[in-house]
Amino acid sequence: MSSKMQAAVVEQFGKPLVLKELDVPTPGPGQVLVKTEACGVCHTDLHARNGDWPLKPALPFTPGHEGIGIVTALGAAVTAVKLGDRVGVPWLYSACGHCEYCLSARETVCAEAQFGGYTRNGGFAEYIVADPNYVAHIPADLAARDAAPLICAGITSYKGIKETQARPGEWIVISGIGGLGHLGVQYAKAMGLHVCAVDIDDGKLGHAKRLGADAQVNARHGDPVAAVKKVTGGGAHGVLITAPSLPAFSQGVGMTRKWGTCVLVGIPPGEFPTPLFDVVANCITIRGSFVGTRQDMAEALAFAVGGNVKADIELQPLSAINQVFERLGRGDVPSRVVLDFGAK
């Protein structure tokens, strides 16, 4: 094994990533070393690069929280994985394991949680140091490049659908048919739900139909809330809003059936007005959902085996990361970009 590796590093917020040759890290006690095969690129990586959020990563750092690869070295006292295992290093890099949230399967909000590609170096590098207790275990029949988007976009949409508590045979709205939403449509169908796709782009709505959506509503045309209520017979039992759009949030609450649940996973800037009378009188639940637990991860990956859920991916080499970020910033990435570490 070479003692050097390529990594794409954020040295200054808002500036292009710097491709550097770094020493391959050595895993410490309770850590593993993963040789990266593929890493998805997420809009969160762009936020990290730009320092957009209140808790900023410490510079310099390596983004990437959809890294998939093979365990090539074990630190002392590691038993949760073996050499040669294929694992993913996700957004939830680690948590404390003993607080009230960790003990009740809500580990994603642990106060001591660490985040891959943010507070810990991530997958835009040929090797990643990871916590073996929090890696994703990739099923044998799932290729690295296909698994990469599922350990962030996939788990986030899957968990959001679970949080709506919609049951098989009931209606769910998937609002925003992008990186998360196109996976959400597939998960919802695999879970036995009727799906109404909502977007402002007819091309994305056509894609949703091909993926199995039972109905499509263009939010630019007419009254989308009325259209959803007509299709679903009074509103959807669950609404999942993946679009980072304030109008989508307001419309999503209106699309929610009495006693239904509207789940927010997109994070647009600002605040959105909530129709309090409707929320109270119709007994609507509005809930935030943030990635998912290790058990959610196992379920989300299991659904994908056999092709029930498959991300639309575009492969790029690590050397193209700055061009990919430019396109992400313009909204010019119709599918999920995956960095292929077999390419140069």
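Bear in mind that the values in this text are calculations on the coordinates, not laboratory data. These figures come from a predicted structure and were not determined experimentally. Glycine gets a Cβ as well: all are built from the backbone with ideal geometry, and neighbour counts include every protein chain shown.
Close amide H partners of Glu66, meaning residues 5 or more places away or on another chain with modelled amide H under 5 Å apart, are Gly40, Gly123. Qualifying GluC sites (Glu not before Pro) in the range 63-114, where qualification requires a DSSP coil assignment and no more than 14 other C-beta atoms within 10 Å, comprise Glu112.
What separates the Cα centres of the range 240-301 and the range 189-217 is a distance of 18 Å. If you plug the beta carbon distance of Leu276 and Cys99 into 1/(1 + (r/R0)^6) with R0 = 45 Å, you get a FRET efficiency near 0.85. Taking Trp53, Trp259, Trp171 as the candidate residues, the one with maximal mean-square fluctuation in a Gaussian network model of the chain, Cα springs under 10 Å, is Trp53. More than 15 Å apart: what percent of Cα pairs in the range 113-157 qualify? Everything past 15 Å amounts to 53 percent. Label separation (Ala80 vs Gln114): 1.1 nm, computed from points 7 Å beyond Cα along the C-beta direction. Contact order for the range 156-288, expressed relative to its length and based on alpha carbon pairs under 8 Å spaced 6+ residues apart, stands at 24 percent. As a ratio to 2.2 N^0.38 Å, the alpha-carbon radius of gyration computed for the chain takes the value 0.99.
Charging the Cβ of each Asp and Glu at -1 and of each Lys and Arg at +1, and nothing else, the dipole of the chain about its Cα centre rounds to 420 debye. Amide H contacts under 5 Å for Asp85: Val71, restricted to partners 5 or more places along the chain or on a different chain, H placed in the peptide plane at 1.01 Å from N. Shown in residue order for the range 149-166 are the 3J(HN,Hα) couplings computed by the Karplus curve 6.51 cos²θ - 1.76 cosθ + 1.60 at θ = phi - 60°: x, 6, 7, 10, 4, x, 5, 5, 6, 4, 4, x, 5, 4, 5, 6, 6, 5 Hz (x for Gly and Pro). Potential lengthening of the chain between Asp141 and Glu326 amounts to 63.3 nm, from the contour at 0.36 nm per residue minus the alpha-carbon distance. Sorted on the mean count of surrounding Cβ atoms within 10 Å across their residues, most packed first, peptides 182-188, 292-298, 218-224 read 182-188, 292-298, 218-224. Residues considered: Val34, Val324, Val89. Largest GNM mean-square fluctuation over the chain, using C-alpha springs under 10 Å, is found at Val324.
Shape call for the range 156-288 from the C-alpha gyration tensor, a ≥ b ≥ c root eigenvalues: rounded (a/c under 1.5), prolate (a/b greater than b/c) or oblate? Rounded. Once the Cα atoms are used to define both axes, helix 181-190 deviates from the longest principal axis of the chain by about 70 degrees. Name the most mobile residue of Pro317, Pro60, Pro273, meaning the one with the largest mean-square fluctuation, in a Gaussian network model of the chain with Cα contacts below 10 Å. The residue that fluctuates most here is Pro273.
Counting neighbouring beta carbons within 10 Å and listing from fewest to most, the residues Ile200, Ile151 come out as Ile200, Ile151. Rounded to the nearest 500, the helix-only mean residue ellipticity at 222 nm of the chain stands at -7500 deg cm²/dmol, with each DSSP H run of n ≥ 4 adding -39,500 (n - 2.57).
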